[in-house]
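Here, each number is a calculation from the coordinates, and none is a lab measurement. Please read all numbers here as calculations on a predicted model, not as lab measurements. Because the Cβ atoms are built from the backbone with ideal geometry, glycine has one as well, and the counts that use them run over all protein chains shown.
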Amino acid sequence: MAKKPDSFYFDNYVACADLAVQAAELLTKIFENFDPAQIHTRATYQDPAQFSDGLDTVFVSGQPAILHGALTGRKDGTVLTR
């Protein structure tokens, strides 16, 4: 197996760094627009399977579980039993 040139590794490093910066900028925008006072629970003991108001998208393990207020059908994550 031939050794790859150093520029290959440097270019990949730069690409990963760019993606990290984009992710950080996205999180900054999300936190600037986040208002916890807008989130209200609708669930009750009699009807616990209700979505909260104020959240239209929920990510689990980096994948959308609820997108625009509707379930996506994905089953990512782990159920916590304790």
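For this structure, a couple of remarks:
- Note on segment 1-53: residues that are more than 20 Å from the chain's Cα centre (by Cα), among the acidic types (Asp, Glu) and either closer than 24 Å to Ile66 by Cα or surrounded by 10 or more Cβ atoms within 10 Å (Cβ to Cβ) (or both) total 2.
- For segment 42-82, the set of residues classified as β-branched (Val, Ile, Thr) and touching a strand residue (DSSP E or B) at 6+ places or on another chain (Cβ under 8 Å) consists of Thr57, Val58, Ile66, Thr72, listed by residue number.
- Ile66 meets each of the listed conditions (1) surrounded by 11 or more Cβ atoms within 10 Å (Cβ to Cβ); (2) assigned to a loop (DSSP other than H, G, I, E, B) apart from (2).
- Arg82 surrounded by 11 or more Cβ atoms within 10 Å (Cβ to Cβ) and among the charged types (D, E, K, R): no
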